[in-house]
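Structure record follows, encoded as C-alpha cells.
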Amino acid sequence: MGNSESTQLTILHFNDVYNIEPRDQEPVGGAARFHTAVKERLALNPLILFSGDVFNPSLMSAVTKGKQMVPILNAIGVHCAVVGNHDFDFGVDTLVQMSSQTSFPWLMGNVFDNETDAPLADCLMSHIIVWQGKKMGLIGLVEEEWIDTLSTIDPDDITYVDYVQQGKMLCKQLKEDGVDYIIALTHMRWPNDIRLAQEVEDIDLILGGHDHDYVIDKINGKYIIKSGTDFRQMSQITLTFENKKVDVKVEEVTIDSSVKQDEDIAKVVNDYLDIMGEEMEQVLGHMEVEMDGRFASLRNKETNLGNFITNIMLECTDAEVAILNSGTLRSDTIHPRGPFKVKDLLSILPLIDPLVVIKVKGQQILDALENGVSQYPKLEGRFPQVAGIMFGFDPNLPTGQRLIRDKVKVQGESVELEREYRVCTKHYLAEGKDGYDMFKDCAMLVNDEEGPRLSVVVQNHFNSVKLLKGEEKSKFQHRQSLIAVNR
Ligand SMILES: [Zn+2]
C-alpha cells in the first residue's frame, strides 16, 4: 500500500430515543422519518451505533415495556449499542428479553453481575467489527451515578468498576487484537465523558448519550459527540484513515418534517398507537400558561411545571412539604397553552411512581435540599422541585455547603432543626435513591402501597378542577385530589 492510500468510513450515531411517534413541534423526529434518513445514507455503507436509553420511559413503554423498539432498532440496522439507565426500568429480565430479540450486541464493560461475574444483563464488554477493511474496536462504558439510582437492582448484587480503569484495560485488549480504531459508546454525563477523554489515551472517539442536547466537543484530541434525542437528530461522522492519521468530520442531521416517513416503520408506529387507543387523546383540562418541562430548565431551577406537580402532591396528601426529583418529569418540552391531554400527562409522568408521606426532621430537610443542589450545574435528575418550602443556594460554594440554610422557609416559617415535618415525596426518594439517603430511615406516615401514583393524582386534580368549574358532575361527591389520602 502506498502512502496515499486513504479509506473513508461513515458512522451514523444516535442516543436516548423514547417516543417512536413524531411530535408536533419541529424538529418533529419520529422513528419513521429517522429510518428514511438512515436509508438515504445507505450508499455510504454506514456503521450504525446507538448510545443507550430506548426501552423506557414513554407512555407507550408504560404499556409495552419497550417491545415496540425491537422492530424499529432492527429495521434501522443498528450494529452495536451500549445500555442506558432507563433500559433497566422494568428489571434485568425484561431488558434481556428485549435486547436478545435485537439483531446486534449490547455493551456494558464495567458493571458485573456478582452471581456470574459476567457483565450485567448479558452484555458484552467489547466488540470488534471489521468495516471498510478497518478493524473497529467498540467498548461500552457507563457511570456509577446512575447505577446507584436503579430502582430494579440491588447494589449488593453488582460490582461497578471505574470507567477509566476498565476503559484502559479494554483498550489494551483491543490493541492486542490489532484494532485500527477504538470507539467508546458511553451513557454518562458530560463531566464523566470528559474525564474519560482526558484519561484513556487509546480511545479515539467517544459517542455518548444520557444528555439530550446535541453537542460536539473535542477533549485531549478526541471528539465527544452526543446526538440529541428522540429520533430528532443523528450524527453523520466521516472517518478518513490516511497513513497513521484519522481525520474526523462530524455533521448534525436534523430529522424535521421535510424528511419523508418510511412506510413500513410508519405502519409499526401506527399499529402501536392504535394499541394505545383513543384514551390518550382525552382532554384533561386547559392550561392557561405554557408549562416548562425541559430537562435543561427542570434540572437547574424550579419551573412552573415542577411547582404545579408538587403543589398537587401537597394538596392530595396534607403534607407540609413536597419534594420531587426533577428526573421524574420526563417530557423534555414546553407544553403549550390550551388543551392538556392524557398523552401530555403521561409524557411528563410515564413511570409508575407511588407517593409516600414520611416524617422528616428539619435538619434532614436541609440535608435533602443540599443533596438536591449538589450536582449543579450538571443536569442531574436529583435537582429538587418543591412545594411548601422556599430555598436558595450558592452554586459557587463547594458541594455540601451550597444551601443558604438560614433562609430556608417551610410554610413561611424558619426551619426548626429538631421538629418533624410531614414530607410528601416519591417512594424512590424515600428509599434513599438519587443521593437522598437522609430519607431512608424516616418513619412512614403513608407508605407506597397506600400512597397514590403520581400520574393518577395529577389526573385526579384535573377532574377536581372540572368539578369545581361545574364542567363535570361528580357521582360520588368526591373531589379527588382535594381529599387527603391519609393523615
Ligand atoms: Zn440516560
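A few notes on this one:
- Looking at N220, N192, just one residue is crowded, with 17+ Cβ neighbours inside 10 Å and among the polar types (S, T, N, Q), and that residue is N192.
- Residue, modelled with the highest pLDDT, within the range 128-170, restricted to residues that are among the acidic types (D, E) and more than 16 Å from G109 (Cβ to Cβ): D157
- Enumeration of residues in the range 312-326 that are open to solvent by 10 Å² or more (accessible area, probe 1.4 Å) and at pLDDT 95 or above: E320
- Looking only at the range 334-359, and only at residues there that are open to solvent by 20 Å² or more (accessible area, probe 1.4 Å), closer than 26 Å to V373 by Cβ and at pLDDT 95 or above, the one that is farthest from the chain's Cα centre (by Cα): K359
- Residue tally, condition more than 16 Å from K359 (Cβ to Cβ) and outside any loop (DSSP other than H, G, I, E, B), over the range 388-425: 9
- Filter result for D180 (touching a residue at least 60 places away in the same chain (Cβ under 8 Å), away from the ligand (no atom under 16 Å from the Cβ) and outside the structural domain of A430 (by TED's automatic domain parsing)): yes
- Positions within the range 205-253 being assigned to a loop (DSSP other than H, G, I, E, B) and under 15 Å from the mean Cα position of the chain (by Cα), in sequence order: G209, H210, D211, H212, D213, G228, T229, D230, F231
- Within the range 4-35, being open to solvent by less than 40 Å² (accessible area, probe 1.4 Å), closer than 15 Å to V268 by Cβ and either hydroxyl-bearing (S, T, Y) or within 16 Å of the ligand (Cβ to nearest atom) (or both) holds for one residue alone: V17.
- S258 vs. criteria of a type outside the set (D, E, K, R) and in a strand (DSSP E or B): no
- Verdict on N110 being over 18 Å from I225 (Cβ atoms) and within 16 Å of the ligand (Cβ to nearest atom): yes
- Qualifying positions in the range 81-95 - more than 16 Å from the ligand (Cβ to nearest atom) and either of a type in the set (A, V, I, L, M, F, W, C) or assigned to a loop (DSSP other than H, G, I, E, B) (or both): G91, V92
- Yes/no for T333 being within 19 Å of D89 (Cα to Cα) and either out of contact with any helix residue (DSSP H, G or I) (no Cβ under 8 Å at 6 or more places or on another chain) or of a type in the set (S, T, N, Q) (or both): no
- Within the range 264-282, one or more residues are in contact (Cβ under 8 Å) with a residue 40 or more places away in the chain, part of a loop (DSSP other than H, G, I, E, B) and either more than 25 Å from K67 (Cα to Cα) or not hydroxyl-bearing (S, T, Y) (or both).
- Here G178 clears all of (1) at negative phi; (2) outside any strand (DSSP E or B) except the condition numbered (1).
- Qualifying residue in the range 152-161 (condition: open to solvent by less than 60 Å² (accessible area, probe 1.4 Å) and farther than 25 Å from K440 by Cβ): yes
- Residue satisfying condition, being touching a helix residue (DSSP H, G or I) at 6+ places or on another chain (Cβ under 8 Å) and more than 26 Å from A32 (Cβ to Cβ), within set I224, I275, I216: I224
- Residue satisfying condition, being away from the ligand (no atom under 16 Å from the Cβ), in a helix (DSSP H, G or I), open to solvent by less than 10 Å² (accessible area, probe 1.4 Å) and modelled with pLDDT of 95 or more, within set V38, V78: V38
The values are calculated or read from the model by the stated rules, or taken from the named source; none is laboratory data. No experiment lies behind these values; they were computed from the predicted model shown. Cβ coordinates were reconstructed from backbone atoms using ideal geometry, including for glycine residues, and neighbour counts include every protein chain displayed. Quick note on the areas: whole protein, heavy atoms, side chains included, nothing else; ligands and nucleic acids left out. Shrake-Rupley method; radii C 1.70, N 1.55, O 1.52, S 1.80 Å.
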